[in-house]
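Participant: Pasting a structure here, questions to come.
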Amino acid sequence: MDVSTLAEFLPALALAIALAASAGLRAWLPLLLAGGLSRLGVLDLGSSFQFLGSNKALVLFGVATAIELVGDKIPAVDHALDVIGTPLRPAAGALLAASVLGTVTDPLTSVVLGTAVGAPSALVPHAAKAALRAASTTVTGGLANPVLSFAEDAISLLVFILAVLVPLVVVALLGLVLFFASRWLRRRRATVAA
């Protein structure tokens with residue numbers, strides 16, 4: 001890989017990871033935003049992923065986003081959405097990552113790389129969210145979950161915006177979250193084992 005190809009690939013990779021991370025909190029909102037920005041010509045997606053900006057996709061993503069945003073505020077529904085979201089959010093992250101990597105690689109490579117970097121990048125925020133929700137449910141009986149849901153909406157939107165504007169910053173922040181989460185887990189396991 002020569003320097004010019006690498007210079008083109010690394011920003012696309014950073015954008016792929018950052019967009020996938022936003023899907024870790026909300027599966028449909030980042031897909032809706034990516035499709036909308038693609039349609040407006042703001043976000044460049046690979047030719048095989050232009051369908052994300054189609055009328056059908058935008059309507060589907062819009063309805064699914066509304067269901068996800070509203071349903072996540074209802075105590076019993078939020079748990080069901082989280083169960084469904086566990087496989088869905090990494091899949092959405094993989095699709096988002098593949099769509100932006102499709103601008104610098106062929107479709108097959110973009111799907112493989114998108115899955116390899118997008119699914120784990122979405123799974124990290126989703127796992128953190130699930131742990132926080134479980135703790136919130138235990139401590140508050142689920143009463144704080146709607147408030148957390150609004151915060152998750154805002155964070156997902158903010159991460160998406162930052163991903164489009166400055167993807168390298170989002171990747172660095174994701175790395176920090178992963179680092180501190182792993183340290184916290186190690187300490188927790190050591191405390192439990194002692």
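The values are calculated or read from the model by the stated rules, or taken from the named source; none is laboratory data. Note that the coordinates shown come from a computational prediction; the quantities given were computed from them, not determined experimentally. Virtual Cβ from ideal backbone geometry, glycine too; neighbours counted across all protein chains shown. Note: accessible area is taken over every heavy atom of the protein model, side chains too, but ligands, DNA and RNA are not part of it. Shrake-Rupley method; radii C 1.70, N 1.55, O 1.52, S 1.80 Å.
Participant: List every residue pair whose Cβ atoms sit under 8 Å apart, with the two residues 6 or more apart in sequence or on different chains, where the first one lies in the range 17-28 and is within 21 Å of VAL63 (Cβ to Cβ) and the second, anywhere, is aromatic (Phe, Trp, Tyr) and open to solvent by 10 Å² or more (accessible area, probe 1.4 Å).
Facilitator: Listed by first residue and then by second, the contacts come to TRP28/PHE61.
Participant: Then there's this: If you take the residues of the range 67-82 that are touching an Asp or Glu at 6+ places or on another chain (Cβ under 7 Å) and at pLDDT below 90, which of them is most open to solvent (accessible area, probe 1.4 Å)?
Facilitator: LEU81
Participant: Taking the range 176-194 only, how many residues are within 21 Å of ARG26 (Cβ to Cβ) and open to solvent by less than 70 Å² (accessible area, probe 1.4 Å)?
Facilitator: Residues meeting the conditions: 1.
Participant: Would you be able to tell me the number of residues in the range 83-108 that are among the charged types (D, E, K, R), within 19 Å of the chain's Cα centre (by Cα) and surrounded by fewer than 18 Cβ atoms within 10 Å (Cβ to Cβ)?
Facilitator: Here the count works out to 0.
Participant: Within the range 15-48, can you find the residues that are surrounded by fewer than 21 Cβ atoms within 10 Å (Cβ to Cβ) and either hydroxyl-bearing (Ser, Thr, Tyr) or in a helix (DSSP H, G or I) (or both)?
Facilitator: GLY36, LEU37, ARG39, LEU40, SER47, SER48 - these are the residues of the range 15-48 that are surrounded by fewer than 21 Cβ atoms within 10 Å (Cβ to Cβ) and either hydroxyl-bearing (Ser, Thr, Tyr) or in a helix (DSSP H, G or I) (or both).
Participant: So in the range 126-156, with the set limited to residues that are modelled with pLDDT of 85 or more and touching a Ser or Thr at 6+ places or on another chain (Cβ under 8 Å), which one is nearest to ALA34 (Cα to Cα)?
Facilitator: SER156
Participant: Sticking with this structure for a sec: For residues that are touching a helix residue (DSSP H, G or I) at 6+ places or on another chain (Cβ under 9 Å) and among the aliphatic types (A, V, I, L, M), scanning just the range 125-146, find the one that is nearest to ARG89 (Cα to Cα).
Facilitator: ALA127
Participant: Considering PRO146, PRO167, which residue is more than 17 Å from the chain's Cα centre (by Cα) and open to solvent by less than 50 Å² (accessible area, probe 1.4 Å)?
Facilitator: Sole residue among the options that is more than 17 Å from the chain's Cα centre (by Cα) and open to solvent by less than 50 Å² (accessible area, probe 1.4 Å): PRO146.
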